[in-house]
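Take a look at the structure set out below.
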Amino acid sequence: MSPLVETILFVFGLVAAGYLCGLTGYLRPEIGDSVAEFAISVALPLLLFRTMYGADFAGAAPWALWAAYFSAVIVTWTAGHLLVTRGMGRDARAGVVGGVTAAFSNLVLLGTPFMLGVYGQRGFDILSVLVAVHLPLMMAASILLFEWVGRGDGPARSMSELLATFARRLARNPLIIGIAAGLAFRAIGAPLPGLAARLIDALANVAGPIALFAMGLGLRKYGVGGNIKGGVMLAVLKLMLMPAIALGAAWLYGLPPMTAKVAVAAAAMPAGVNSYLIAVQFGVGQALASNAQTIGTAAAVVTTSFWLTVAHLVFG
């Protein structure tokens, strides 16, 4: 078995272990919520803090990386929206959920440990450049589009109200806090005391396995039901169309080999829980988002291996 395949199976094996613990009742659902909360609120923010504080981003080509990745986001989001509105006859609000589900990669709970396992710290450093803008941009696009398509359903909110709501959500997001704090410490050049560094390392080092296990428990909670066909089609867009566009864009923009492979791998990640949470928040498309997340995560064991192999053939 090649090291690449073994790493992919190891990563998804941790997800499967969490899912089986929930499926068999070995761990209660509320424990899964607590594990996920620890990963998102403590371990992953500290991992991002440490990366932003000490990483070498030279050669990460942030503008070209962002352009390549978000070109794939725009194309896939549009395809997901059209699939739900034109293909399935749903309204525009459900179309927004279809778009965000097709284009919102799970870059934190799955992408972070995946990049660390496959490409090591260098790959994760490059991913962090993407993570730093991914969540704010995707959340902002979702909020603004929901406001736009729903402007006739009730009193419209002003742009200042939308921006204030968005800013408050970002300010309370632990991942954004970890990124901002790491960049701030990096900018002022403040050294970390030895004890603080050890504490951060101890918690940051468990972020990957904990995040993967928590994700598996979460899949059992959200499950599959309702419009399964729609979820399958959105998962196909996420797992096949988006990485294909990212690969073409990475080649077109001339990304360095490692940066290009990270961009393709990030685009090949299945949809994360954020798309489902957005659907719940706006009260539409919950089954679509949940089905696409669960089905996509299971299928990603095969599709991610495929796209990583293709990326290695193209970029070396």
Tell me which residues, restricted to region 98-147, are assigned to a loop (DSSP other than H, G, I, E, B) and aliphatic (A, V, I, L, M). Leu107, Val108, Leu109, Leu110
Which members of region 248-269 meet the condition of being in a loop (DSSP other than H, G, I, E, B) and crowded, with 24+ Cβ neighbours inside 10 Å? Leu255, Met269
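Here is a yes/no grid of residues against (1) within 22 Å of the chain's Cα centre (by Cα); (2) under 28 Å from Trp148 (Cβ atoms); (3) not in a helix (DSSP H, G or I):
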position	(1), (2), (3)
Ala164	no, yes, no
Ala167	yes, yes, no
Pro191	no, no, yes
Leu199	no, no, no
Arg220	yes, no, no
Residues in region 141-187 that are within 25 Å of Val108 (Cα to Cα), of a type in the set (Lys, Arg) and at pLDDT below 75: how many? 1
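Can you find a residue in region 54-63 that is modelled with pLDDT under 85 and outside any loop (DSSP other than H, G, I, E, B)? Reasoning before the result, please.
Here is the first cut: in region 54-63, the ones modelled with pLDDT under 85 are 54-61.
Narrowing the set further to residues that are outside any loop (DSSP other than H, G, I, E, B) leaves 54.
Looking for residues that are modelled with pLDDT under 85 and outside any loop (DSSP other than H, G, I, E, B), one finds at least one in region 54-63, hence yes.
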Suppose we filter Tyr276, Tyr222 for residues that are at pLDDT below 80, in contact with a helix residue (DSSP H, G or I) (Cβ under 8 Å, 6 or more places away or on another chain), surrounded by fewer than 24 Cβ atoms within 10 Å (Cβ to Cβ) and at negative phi; which single one remains? Tyr222
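Please specify each residue of region 80-126 satisfying the condition of being over 23 Å from Met215 (Cα atoms) and either among the β-branched types (Val, Ile, Thr) or in contact with a Lys or Arg (Cβ under 7 Å, 6 or more places away or on another chain) (or both).
Val84, Thr85, Val96
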Find the residue count for region 279-316, including only residues that are surrounded by 23 or more Cβ atoms within 10 Å (Cβ to Cβ) and in a loop (DSSP other than H, G, I, E, B). 1
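Select, from Ala271, Ala260, the only residue that is touching a residue at least 24 places away in the same chain (Cβ under 8 Å) and within 17 Å of Ala79 (Cα to Cα). If you could, list the steps in order and put the result at the bottom.
Working: Ala260 fails: within 17 Å of Ala79 (Cα to Cα).
Among Ala271, Ala260, only Ala271 is touching a residue at least 24 places away in the same chain (Cβ under 8 Å) and within 17 Å of Ala79 (Cα to Cα).
The values are calculated or read from the model by the stated rules, or taken from the named source; none is laboratory data. Since the structure is predicted, the reported quantities are computational estimates derived from the model, not experimental observations. Heads up, the Cβs are rebuilt from the backbone with ideal geometry, glycines too, and the neighbour counts pull from every protein chain shown.
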